[in-house]
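Presented below is the structure to which this report refers.
Every number in this text was worked out from the coordinates using simple rules, so none of it is lab data. For clarity, every value in this text was computed on a predicted model and none was experimentally measured. Here the Cβ positions follow ideal geometry from the backbone for every residue, glycine too, while neighbour counts run over all protein chains shown.
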Amino acid sequence: MSAPAAAAALEELRAAAATCTRCRLYERATWTVFGEGPPGAPLMLVGEQPGDREDVEGRPFVGPAGRLLDRALAGAGIDRGAVYVTNAVKHFKWVERGKRRIHQTPLVGEINACLPWLDAEMEVVNPRIVVAMGATAVRALFGPAARLTRMRGERLELPGGREGYVTVHPSSILRVQDADQRHLEMSRLVDDLSLVARRLPAA
């Protein structure tokens, strides 16, 4: 698929996803937060679900976790602008605590309801490598028996001859209270992305 055709196909998918009612998460979400990035990107990053900031802006990875991801990508020598970023679940699932909206883990049915959108994105973007970040993304891409801790650092196989890798979601690092442990977890994320960077085709 040519780049213009892929871009048009992504816009069609985005428009279709905007009216998705396959599960009830759309009822409380502000937007369907679809993926973004260049069609034909060699690398796709799949997060878990939009956070509060992403739900407000309608774009993936623009909140605190997104800023941390930007730092990790830079540390691994990966240009964020050349990466397609998306989420396994396209609507923000949350519970109100005081004035804050706190994310809740999507249910299996909610993950499965969004799988057709993720599959369609992969088909159109056609990345060489896909990285699942966080348990929800790992389940969506590799099935219910997949475990992040067991598969981390391994080269995995996905349909279409794609390579798959798993790592933590950046938001999990933000939740680490101990500064030294948080620094260690950030280093491990950079290491995971560096492994992926070495597998990407030369620019």
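Rank-order 46-54, 188-196 by packing density, defined as the average count of other C-beta atoms within 10 Å over each peptide's residues, highest first.
Ranking, from highest mean packing down: 46-54, 188-196.
How large is log10 I(q)/I(0) at q = 0.16, 0.17, 0.19 Å⁻¹ when the Debye formula is applied to the Cα atoms of the chain, each weighted equally and without solvent?
-1.05, -1.19, -1.51
Going by Cα centres, segment 109-147 and segment 1-71 are how many Å apart?
Comparing the Cα centres of segment 109-147 and segment 1-71, I get a distance of 13 Å.
Quick check on packing: order 106-113, 173-180 by the mean number of other C-beta atoms within 10 Å, highest mean leading.
Packing proxy ranking, top to bottom: 106-113, 173-180.
By per-residue mean of other Cβ atoms within 10 Å, what is the highest-first order of 69-77, 149-157?
69-77, 149-157
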